[in-house]
Each structure stands twice: as structure tokens, then as C-alpha cells.
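Reading through the C-alpha cells given below for one structure.
The values are calculated or read from the model by the stated rules, or taken from the named source; none is laboratory data. Quick caveat, the model's predicted, so the values are computed rather than measured. Virtual Cβ from ideal backbone geometry, glycine too; neighbours counted across all protein chains shown.
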Amino acid sequence: MTRKLSDGDPFAGAMQKHQKTPSKKNRNIEIGQLSAQNSDFPPLSQQEISDNGTKNGKPISGLPSDKPPQPGAETTNFDQSGSGPFLAAAEAVVTPVSKQTASRQTCLRVAAAIVALVPLTLLIIAGNLNPEEQGLGTHQQLGLPPCSLRLLAGIRCPACGMTTSWSYFAKGNWLASANTNAGGFLLALLCIAMIATAAQVFRRGHLPSPRIQTWLTIGGAGVLAVTLVDWIIRLQS
């Protein structure tokens, strides 16, 4: 016969407790199922960040927090672009330097353009002139007066024949250019080198190497020396 359990029976209480409490075997099965389900999710990183913006129990600077800021405490705005306060501080330091560098490069390019355009313009003008056969007075085709030293002292100056030499040079007659005025011929070659160097400065935005600057300086000194020597020789002839 089946025994009817009453509310006051101790055996009935034990049976009800046994029915409510799951067995150890059932608990192990449920834990295994939960582990299998959790294995589908990617593992968490070593530094877990909770929802309230804390890491290992400490608040993280730069992340939003659910707690309202305390009066007098410094707050850091979270940069949505991901730059953060440190990058903003770096930009504040780098930006003036970058602007100064850009301004310096602009001034250098303007100076390089002037250095290149002035001799190029003079060579183009000289190429459009007709060189005088006597080697002097070609510049008067531009409406300029004759050489003052020739008018006052009757001798030529060191620059006499320079325009005629450049006119021959621009037309491709370099031998006649050197015979007219050796200094003018070398000066035209130096101007070609200066135009090429200035073009590189304009393109790159920085000065040429010290070696190039040294060679240009030596070239200028050589042109001056040759012009004076050629002038002295012509005075004695």
C-alpha cells in the first residue's frame, strides 16, 4: 500500500527536501553545459574593464564613468576620435614648430624663385639683342646710356662688353662670348648653375648642401678675378 504523507510526518519533510535539492551529478551536467556555451564567446583580455569604467578596482582616466564628478575634481573629456588628451598636448607643442617651418620654407622658396628668375630674365633679354661687332655698346639697344668711364676717361670699364658677351652666349656662340669678355662668359655659366640650384631649392624647400654653396662661392670669386685680369690685359693692348 502507498503511504499517504502528512504535513506533520518527518519522513514526508525529508522526501520533499530531497526532491527540491538537485543531485551532485545533475549539477555537474549543468556546469558542463554552461561551459560549452561559454566556449563560443572569445576569451576576455587580461585587463578586464568593467562597465563603470574601472580596471582592477581603479578608475580609468579618459573613459566615461557612471559616477558623477566630485566638486573640485579635475575631469578629462573623452575624445571620440581616439586621439586622447596626450595627443592633443603633443599637437599643441608641435603645431607652432610646424607653422614656423612651413613659413621658413615659403620664404626660402620665394627667395629661390627670385634668384632663378633674375639671371634667366637677363639672359633672355640679351638673347633678343643684336651683338655689336666692335664688342661694345650692345646695351644701348635697351635705351641705356653709354659707359661713363669711356666718356670721361676714354678707357673701357671691367663690365664693358658684358652685354655683348651675354648676347653671344644666349645665341649659342660661346667662343665669341669668351673673346668679347671672358668674365662675362664665365658669369653666364655661373648664372646657369645658380638657376639650376635655385630650382632645386624651390622644389625641395631647403638650402643646398654646404659643398654646393662652397663651389658657387668659389665660382663667383673666380669670375671676379678673371674679369679683373681680362680688363687689365685689354687696357694694355
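Worth pointing out:
- Count - residues of region 145-159 that are out of contact with any helix residue (DSSP H, G or I) (no Cβ under 9 Å at 6 or more places or on another chain) and loosely packed, with under 10 Cβ neighbours inside 10 Å: 4
- Scanning region 225-237 for residues that are among the aliphatic types (A, V, I, L, M), without any contact (Cβ under 8 Å) to a residue 60 or more places away in the chain and surrounded by fewer than 14 Cβ atoms within 10 Å (Cβ to Cβ) returns A225, V229, I232, I233.
- Of all residues making up region 97-137, the number that are part of a helix (DSSP H, G or I), without any contact (Cβ under 8 Å) to a residue 24 or more places away in the chain and of a type outside the set (G, A, S): 13
- Those helices (runs of 4 or more DSSP H) of region 138-222 in which at least 1 residues are free of Cβ contacts under 8 Å to residues at least 12 places away in the same chain, considering only elements entirely within it, cover 148-153, 174-180, 182-204.
- Residue count for region 160-188, restricted to those that are surrounded by fewer than 17 Cβ atoms within 10 Å (Cβ to Cβ) and either modelled with pLDDT under 90 or within 18 Å of D230 (Cα to Cα) (or both): 3.
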